[in-house]
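The values are calculated or read from the model by the stated rules, or taken from the named source; none is laboratory data. This is a predicted model, so every value here is computed, not measured. Cβ coordinates were reconstructed from backbone atoms using ideal geometry, including for glycine residues, and neighbour counts include every protein chain displayed. Heads up: the accessible areas ignore ligands, DNA and RNA and are worked out on the full protein's heavy atoms, side chains in. Shrake-Rupley method; radii C 1.70, N 1.55, O 1.52, S 1.80 Å.
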Amino acid sequence: MDAEFDVVADWTRAAVEQLGADHAIPAGCRGSASPSALAWLAEALEFTAGTRLLDLGAGIGGPAAWAVRRYGVRPVLADPMEGACRAAARLFGLPAFEADGTAVPLRTASISTAWCLGVLCTVEDKAGLLAELHRVLAPGAGLGLLVLVAQTTHLDPIPAGNSFPTQTELQDLLSQSGFTIEEQVADPRDTPSSWTRRTDRVDALIRRQHHDDKAYLQAEEQEDRLGVLLSSGQLSSQLLHATRSSRAWS
Ligand SMILES: C[S@@+](CC[C@H](N)C(=O)[O-])C[C@H]1O[C@@H](n2cnc3c(N)ncnc32)[C@H](O)[C@@H]1O
């Protein structure tokens, strides 16, 4: 996990700095990886200029930077990986702090909108992370999620450090954490070539510079496994718009 989200985050920052700033947003979207997924969530959450957005598990900040550019939101980013926070600050000048999603240093009910993209399946304590989101969000606030949902109970191969909820588990987790699902759609995953051209260039540069590094090989194996699970239909990428109910979480 450190290899993928810390070391590779730093390499991605360095590659973008070499290739040019126009590579930053596509290369910085590690969970969502598609502007159409981000647009669906942004519209569902009714982003406007000035929306204060918590991006939990923000990675190197591509999605938040996209939302700043398209909607003028005011994001705050949190991620446990130092390399990711450093990259978000350097590439996009966004406020990013190191925090685990189960203990976010923000005041109770201080946030009006949050999204959490491609993070739940990397976290063992999913209920703890959702409880923390419920705590920092104001009653009625919107939450956007991108979640890889298991379509079978016997996934093969299983990427190290991941645990993917089934649809029923995801629904139960959200309702038990005090969230109501307003809408859910399959992630279109239709990234245009204007994006993939740039992510491919960043990936190629990282490969050239780090191909024999252990962290590179681990991250690549992880990505290959995810690719197999998605293309074989064992996993499905889902977008959700939920709202924080006003009742207290128990
Ligand atoms: C697949 S990446 C997605 C990054 C970003 N949301 C995006 O869409 O580009 C998953 C992110 O979750 C973060 N993460 C892992 N465990 C976490 C935790 N306990 N709390 C918050 N974030 C976590 C990782 O550091 C990583 O940046």
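Let's see how each residue does on (1) more than 30 Å from Gly20 (Cβ to Cβ); (2) among the β-branched types (Val, Ile, Thr); (3) at pLDDT below 95:
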{"residue": "Ala138", "(1), (2), (3)": "yes, no, no"}
{"residue": "Leu155", "(1), (2), (3)": "yes, no, yes"}
{"residue": "Leu174", "(1), (2), (3)": "yes, no, no"}
{"residue": "His210", "(1), (2), (3)": "no, no, no"}
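Of all residue pairs spaced 6 or more apart or on separate chains, those with beta-carbon atoms under 8 Å, a first member in the range 153-171 that is closer than 23 Å to Leu240 by Cα and a second member that is small (Gly, Ala, Ser) are Phe164/Ala150; Pro165/Ala150; Thr166/Ala150. Could you identify the single residue in Glu82, Glu98, Glu124 that is closer than 21 Å to Gln218 by Cα, touching a strand residue (DSSP E or B) at 6+ places or on another chain (Cβ under 9 Å) and surrounded by fewer than 24 Cβ atoms within 10 Å (Cβ to Cβ)? Of the residues listed, the single one that is closer than 21 Å to Gln218 by Cα, touching a strand residue (DSSP E or B) at 6+ places or on another chain (Cβ under 9 Å) and surrounded by fewer than 24 Cβ atoms within 10 Å (Cβ to Cβ) is Glu82. Residues in the range 1-34 that are within 15 Å of Ala84 (Cβ to Cβ) and of a type in the set (Asp, Glu) were compared, and the one that is modelled with the lowest pLDDT is Asp2. All conditions in (1) under 19 Å from the mean Cα position of the chain (by Cα); (2) surrounded by 14 or more Cβ atoms within 10 Å (Cβ to Cβ) hold for Asp213, with the sole exception of (1).
Against the conditions (1) open to solvent by less than 10 Å² (accessible area, probe 1.4 Å); (2) touching a Leu at 6+ places or on another chain (Cβ under 9 Å); (3) among the hydrophobic types (A, V, I, L, M, F, W, C), Ala87 satisfies every one except (2).
Take the conditions (1) part of a helix (DSSP H, G or I); (2) in contact (Cβ under 8 Å) with a residue 12 or more places away in the chain; (3) over 30 Å from Glu46 (Cα atoms); Gly233 misses just one of them, which is (1). Considering the range 1-29 alone, what residues qualify as being more than 10 Å from the ligand (Cβ to nearest atom) and outside any helix (DSSP H, G or I)? Hit for the range 1-29 is Gly20, nothing else.
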